[in-house]
Each structure stands twice: as structure tokens, then as C-alpha cells.
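Q: Sharing a structure, written as C-alpha cells. Questions coming.
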Amino acid sequence: MGLLEENRRRQRQRFVEPQAAVVGGKRSLGAEIWRHRWIYVLILPTIAYFIVFAYLPLVGLQIAFKDFQVFRGMWESPWVGFEHFQTVFSSEKFPQLIRNTVVISLYRLVFGFPVPVLFALLLNEVRHLMFKRGVQTVTYFPHFLSWVIFAGIVINILGPSGIVNTLIMGAGGDRVNFLTNPDTFQAVVVGTGILKEFGWAAIIYLAALSSIDPQLYEAARVDGARKLRQIWHVTLPGLRPVMAVLLVLSLGTILDAGFDQIFQLQNGAVLEVGDIIDTYVYRIGLLEAQYEVATAVGLFKGIVGLVLIVTANYILRRLGQRSIW
Amino acid sequence: MRTGDAGSDFVEAAEVTKRRSRLDRNPLYADIVIYVILVLLGLITLLPMVNVLAKSLSESGAISANPLMLIPSSFTLDAYQYIFETPVLMRSFGVTVFATVVGTGLNLLLTTTAAYGLSKTSIPGYRLLMWIVILPMLIGAGLIPTYLLLKSLGLINSIWVLVFMGLVSPFNLILMRNFFWSIPNELEESARIDGASDLKILWHVVLPLSKPVIATIGLFYGVGHWNDFFTGLFFINDNSKWPLQVVLRSIIIDQSMLGMGGQGAAPTVDLQRLVVSADNIRAATIIFATIPILLAYPFLQRYFVKGIILGAVKG
């Protein structure tokens, strides 16, 4: 942070003060812009990209309030007010979607959040560098696989003729189909999500661990703290800022249960527990071409998501953490 | 005893600390528990992939006889031969290679130039420009408005949509801008005194110093394009233009789901021979699509930890 401020100060100094001193007054805005014309040229394509691909689609949100007629176009279609939202909110499907989305996110938080922390703590105790690096190399590899590939591996483990079922049958048990059983589907989603990402998620904690002042451990040791006490009084407080940021952030994205993963694992048998907002929007929007309803659902999710993220950022600020913006 | 210890701390501090830290180290059993847990976690991650690899190299008969294999039994490359003789797969492979190469190139070009420009915080309008870049992280129009826009741009069913979606990631841009901030100003200053323009400074001074961050971000973008599934699913209906991941889905997942009484929502590739083929086609397809990641992994690993920390600590 200090470094950042320092750089900003230097930037100001370099760009504003020396010139001002030479000219002996304020340059006109036009002259200032002209002087940096190449800088603007460098930024321009990216700004154009964001305007076309990120801001222009916002115009299309109006169809959530319109009776969209393809031949008349977006602008000519008649307004219908909140009709589509009423349809959505009063449908049976809607509470189920929200529940599935939130429940999967919360399970992921409760079970998934501690795993990387514990993993990083264990890894931090390892003195053999080769072993440590080996474990890390293996555990963060799945992060780089697509969910299509990883779902293939999951099917190979949990599918009807997969590894787990082979073991169950070998032990004389009955075949369980984890992926098409509504009772097990959410557990599979959460479990495989943890399996794919815990190694990667631990990186940030390992970075935080390596920045804890060794003198604190020394001091704790002098005070007679054993290993577990040291972890409790030194290590965990050292991790707290990172944990707070990640926790609050994930609360901010609670309506994002992860299209990519759910879509790959989803099937007709488990829609009741496995259909989330994003998969629903895809299905009714693109497959059934109910553009208005899908846009309304998407807009609802977007607004709630925005409120949550802004709130999360506010909480981070109040906690004295560095906020996202 | 306590006082005695405290006293000797002062007298022979170094000696005692050394002895203590040895005593205080994890007892042996704790070490054993830690190592066992870590080895187990490693194996849980590794073994399923080894199993898939072994299956991909075995004959189908051998697979059903021993699904838990870790080394291939009755070794054969038939499944891989099949993959290379399947036009749909090879074509989608080409599409994805195109999207990855051209996409990553454009990603890096735009991200680098914009990040450099936005590292100059004193230019007029800086805050406005920065907000234009950051806001898309918070607000999105959602799937349907994006679809309608792409349609009016003529990008639906065009492989260019695979290149243009996510052309600049605000997160990567900020990461790179922060890196540029950490380059000593004196270097740019001296180039400026020698009469270099902003473009020359970027090319001759800043970029050569930024190789690690460019490599990191390039690899992130590259892996992103390689693994991109939903751009193809959402915006390309023509199966001759499908990227690899969409075709993989129909081979790896839909085929398995058929046997499980469920149905995937994704369009299915009409591959007569695939439907009748065995587990090892699926296994070989998984390995086939993983190999490029595996090849990039050593490079990835060299940089990404640094990259993540860079983003986390200074972002």
C-alpha cells in the first residue's frame, strides 16, 4: 500500500509539477490532453471494447419490460411494465431456483471455505521443500482443467460404473448413482468443487502465511506457547485479513452458484435440486427463446448481485480492510 | 523451573532457543499425521487422473475387467487413433487453437496498452476511464441482452465470438497496471530525456521489464480460451464451428448421461460410432484435451504464484 501511494505521488510529480514549473502556470486542458495524446491512443481500443461489449448490452435490458417482437425490433416493441417480473416471481419455479442457488453457494461456503485454510496450515508445517512443492503441483493442477474435463473425471469416479461403485460392489453393496440421485447431487457439486479448487485457493493463504513476521513466533515461543497455541495466537490472526476479504467477497457472489460446473453435472433427474438461476436463464432464454422472461430473471440476479457486492465492499471498508474499489 | 528457564534465556539466549525450538517442533506423531493427510490429499487429486490415463491406453475389455487400474493393461493406442480420425473433434480442435492463439494475442495487446496508459494517473479524465474499465466487473447485462447484441453485430455463429468475448479482463488489467507502477520512474524519465515518445518508452523500456507479468497474464488468458465452454454453447449453433469444449461435452458427458437415464441440455454431436464405443474413447478424449494444459503447466507454475501474489497484495 505504501508503495502504491509512493508511486502515485511520483506520477503526479513527474507529470504535473515539473511542467507547471516550466510554463509557470496551469496548462489548458486541451494542451494537457494533446501532450498525452499517445497515452489516450493506447487506452482507446480497450475503452471502445468495453463500451461495445459491456455497456451496449445494457440497452437490451429494456426487453425485460417489453413485449419483445423480433420483427418490430427491440425499440419498437410495446412496453408492458413489470408484467414479466410478476410472471417470474409468482411462478412455482422461482423460489426453487433461488433456494437451489443459495443453498449450493452456502454449502460451498461452509464446507469449502475452511479446506484451503487447513490445507495451507498443514503445508506450512512441512519442512521438506521438495515434498511441499510436489503436493502443491499436484493439488492445483485441477484448477486449470475445464469443468467439462473435470466432470468427465467425476463421472469416472462417481458414475454407475465408476471407481466408487466398483468398490461398493466389491464390498457387496448396492450400486448408487450419485449424479442422478437428488439426495446426493448437491453434495457431489460441493465436494467436486472443493476437490478441484482447494489447492489453488490455498495459494493466497500460503502467501499470507509467508508474510507473517517470524519474530511473532519467537515471542510466542518465549512465552511458552506450543505449536497449537502458536497457530491459534499467531498464524490465524495473521490469516484473518485475507480470510475476511475472501469470506465477504463470497457472500457478495452468493447468487453465483457457478454455471460451468452445475451445467456439466446437471441432468434431467436432478433439476429439482440442481437447477440454478444461470442454468434456468440459459434454458428458457436460448433454448426456448423466452427472451423477456430470461432477461427479467437475469436482471433480477444482476441487481441483487450488485447490491450484495456493494454491501460486501462497504463491510470490508468498515472492517478496516482494503476494499475492492 | 519456570524462573530457571527464563533466566537462562537471558544468559544463553541463542543456545536455549536452539534447544527449545528442537523440543518445541512438532512431536513426531504430529508430523506423521500432517504428512499422511497431505499425501492422501495429493493422491485423491492425482489417482483419478492416473486412472483415466490408464483407461485411455487399455482395450475396452480390460477396462471392464479392472476399472480401478492405475497402469494400462493390454496396452493399445486405438482410442487415440480413433480421436485423430474423428473429423468433428479435429475441426473443433482447430477452432479452439485459432481462438486461443489469436484471442490471447489480442488479449495481451489490448490489456498491455490500456494498462500502460492507465498507469499514468495524472492524465485528464483518468478517473472516468478507470471507472469505465472497472464497472463491468460489477454490472452485467446478462445472457440474453448479450446474445441480442452479438446477433445484431453478426457475431452469432462466427468463430470470432470466441475471440471477442472477454477480450480485456478488468482484473488482469489492474494487475498489470499495478506492475507498471512498480517499475522505477527513473528508467522512463531518462528515456524521455533522450527524446523517446510514450510509445517508444512502452516498447523499449517497460515491456522488456514486464516479461513475467505478461507471461502470467498471457497464460491465464490462454487457459481461459482453451477451457472456454459457454461462449461456444451460447453463441454458436453450427456444430462445424464448435470449440473443443462443446464437442468434448457431447462425447464425455452426454454419452455417459444417456446411460444414466438423464439428458444433458447441450446439443449432442451425431457420432454414431461414439455411441457404441467404450469407456476408453471417453478416457482418451479427456487426456487428449488435457495434454496442452499439461504442456503449459511447467510455464504456468513458474509464474502464476508470483502473479497471484502480485494481484492479491497490491490489487
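The values are calculated or read from the model by the stated rules, or taken from the named source; none is laboratory data. For clarity, every value in this text was computed on a predicted model and none was experimentally measured. Every residue, glycine as well, gets a Cβ built from its backbone with ideal geometry; the counts of neighbours run over all protein chains shown. We work out accessible area using only protein heavy atoms, side chains counted, and drop any ligands, DNA or RNA first. Shrake-Rupley method; radii C 1.70, N 1.55, O 1.52, S 1.80 Å.
Q: I'd like to know which of A:A48, A:S77, A:I98 lies farthest towards the positive end of the charge dipole of segment A:34-107, counting +1 on Cβ of Lys and Arg and -1 on Cβ of Asp and Glu.
A: A:A48
Q: Keeping all protein chains in place and using 1.4 angstrom, which order do A:R318, B:R249, A:R175 fall into by accessible surface area, from largest down? Each step should come with its number before you reach the end.
A: Values: A:R318 175, B:R249 0, A:R175 135 Å².
Descending order: A:R318, A:R175, B:R249.
Q: At B:L199 and B:L40, where each label point lies 7 Å from the Cα along Cα→Cβ, what is the point-to-point distance in nanometres?
A: It is 6.1 nm.
Q: Hey, how many Å between the Cα centroid of segment B:58-108 and the Cα centroid of segment B:125-183?
A: Computed from Cα coordinates, the inter-centre distance equals 32 Å.
Q: Scaled to the compact-protein estimate 2.2 N^0.38 Å, what is the alpha-carbon radius of gyration of chain A, rounded to two decimal places? Spell out each step's value before the answer.
A: Values: Rg = 26.3 Å, N = 325, 2.2 N^0.38 = 19.8 Å.
The value comes to 1.33.
Q: As a test of reading the structure, rank B:H204, A:H143 by solvent-accessible area (1.4 Å probe, protein chains only), most first. Display every interim value, and only then the final one.
A: Working: B:H204 120, A:H143 50 Å².
So, going from the largest accessible area down, we get B:H204, A:H143.
Q: OK, next. Just to confirm, what accessible area per residue do you get for chain A at 1.4 Å probe, in whole Å²?
A: Working: 15890 Å² over 325 residues.
With the other protein chains kept in place, chain A gives 49 Å² per residue.
Q: Any of A:K196/B:K55; A:K66/B:K241; B:K120/B:K151 with alpha carbons more than 27 Å apart? Name them for me.
A: Values: A:K196/B:K55 21 Å; A:K66/B:K241 33 Å; B:K120/B:K151 36 Å.
In this structure, A:K66/B:K241; B:K120/B:K151 exceed 27 Å between Cα atoms.
Q: Among A:G268, A:Q86, B:M137, whose Cα lies farthest out toward the positive end of the dipole of the protein assembly as shown, if unit charges sit on the beta carbon of Lys, Arg (+1) and Asp, Glu (-1)?
A: Checking the options against the dipole of the protein assembly as shown, the answer is B:M137.
Q: How long is the protein assembly as shown along each principal axis, judged by its Cα atoms, biggest number first, in Å?
A: 82, 77, 50
Q: While we're looking at this one, here's another question. Compute the length gained on full extension between A:E272 and A:L306: take 0.36 nm times their separation in residues and subtract their Cα-Cα distance, giving the result in nm to one decimal.
A: 9.6 nm
Q: What figure in square angstrom, to the nearest 10, would you give for the accessible area of A:T235 with a 1.4 Å probe?
A: 0 Å²
Q: Counting just the Cα atoms, what span does segment A:172-228 cover along each of its three principal axes? Round to the nearest Å and put the largest first.
A: Dimensions of segment A:172-228 along the principal axes of its Cα atoms: 57, 26, 18 Å.
Q: Still on this structure: Post the alpha-carbon centroid distance, segment A:129-186 to segment A:264-284, in whole angstrom.
A: Value for the Cα centre distance between the two parts: 21 Å.
Q: I would also like to ask the following. Within segment A:33-125, which trypsin sites (Lys or Arg not before Pro) sit in a loop by DSSP and count at most 15 neighbouring Cβ atoms inside 10 Å? Mind showing how you got there, number by number?
A: Details: sites: A:R35, A:R37, A:K66, A:R72, A:K93, A:R99, A:R108; in loops: A:R72.
Sites meeting the loop and neighbour criteria: A:R72.
Q: If you line up the Cα atoms of segment A:220-324 on their principal axes, what length do they span on each, largest first, in Å?
A: Cα spread of segment A:220-324 along its principal axes, largest to smallest: 69, 33, 16 Å.
Q: Something else about it: Can you send over the carbon and sulfur percentage of the accessible area for segment B:80-312, probe radius 1.4 Å, protein chains only? Let's see the in-between values first.
A: Working: 6100 of 9160 Å².
After summing per-atom areas, the C and S share lands at 67 percent.
Q: Also, quick follow-up: Placing unit charges on C-beta atoms (Lys and Arg positive, Asp and Glu negative, everything else neutral), compute the dipole magnitude of segment A:210-277 about its Cα centre in debye, rounded to 20.
A: In debye, rounded to 20, segment A:210-277 gives about 560.
Q: Computed on protein heavy atoms with a 1.4 Å probe, what is the summed buried accessible area for the chain pair A and B, in Å² to the nearest 100? Can you show the working numbers first?
A: On the way: alone 20750 and 19310 Å², together 30350 Å².
Approximately 9700 Å² gets buried when A meets B.
Q: Oh, and also: Using 0.36 nm per residue of separation minus the Cα-Cα distance, give me the extension gain between A:E92 and A:V110 in nm, one decimal. Present the calculation step by step, with values, prior to reporting the outcome.
A: Details: separation 18, 0.36 × 18 = 6.48 nm, distance 2.77 nm.
Fully extending the segment from A:E92 to A:V110 adds 3.7 nm.
Q: Turning to a different aspect of this structure: Which helices of chain A meet both criteria: a Cα extent of 30 Å or more along the helical axis and a mean Kyte-Doolittle score no lower than -1.0, with helices taken as whole DSSP H segments?
A: Working: long enough: A:182-210 (42 Å, 1.05); A:291-318 (40 Å, 1.17).
Helices meeting the criterion: A:182-210, A:291-318.
Q: Same structure again: Report, by chain and number, residues whose modeled amide H sits under 5 Å from the one on A:K66, excluding near sequence neighbours (fewer than 5 apart, same chain).
A: The list, which skips near neighbours in sequence, is A:V80.
Q: Further question on the same structure: Please get the size of the charge dipole for the protein assembly as shown, origin at its Cα centre, with Cβ charges of +1 on Lys and Arg and -1 on Asp and Glu, quoted in debye to the nearest 20.
A: Values: 51 positive and 41 negative charges, 376 e Å.
Roughly 1800 debye, rounded to the nearest 20.
Q: Across all directions of projection, what mean area in square nanometres is found for the Cα convex hull of segment A:115-168?
A: Values: hull surface 20.5 nm².
The orientation-averaged projected area of the Cα hull of segment A:115-168 comes to 5.1 nm².
Q: Between A:A219 and B:S74, how many nm apart are label points set 7 Å from Cα along the C-beta direction?
A: Going from the A:A219 label point to the B:S74 one covers 6.8 nm.
Q: Taking R0 as 41 Å, what FRET efficiency do you get between A:W34 and B:I32 from their Cβ-Cβ distance, rounded to the nearest 0.05? All intermediate terms of the calculation are to be shown ahead of the outcome.
A: Working: r = 70 Å, r/R0 = 1.70.
So the FRET efficiency works out to roughly 0.05.
Q: Which whole-number percent of Cα pairs in segment A:123-208 have a distance greater than 22 Å?
A: Working: 1511 of 3655 pairs.
When all Cα pairs of segment A:123-208 are counted, 41 percent exceed 22 Å.
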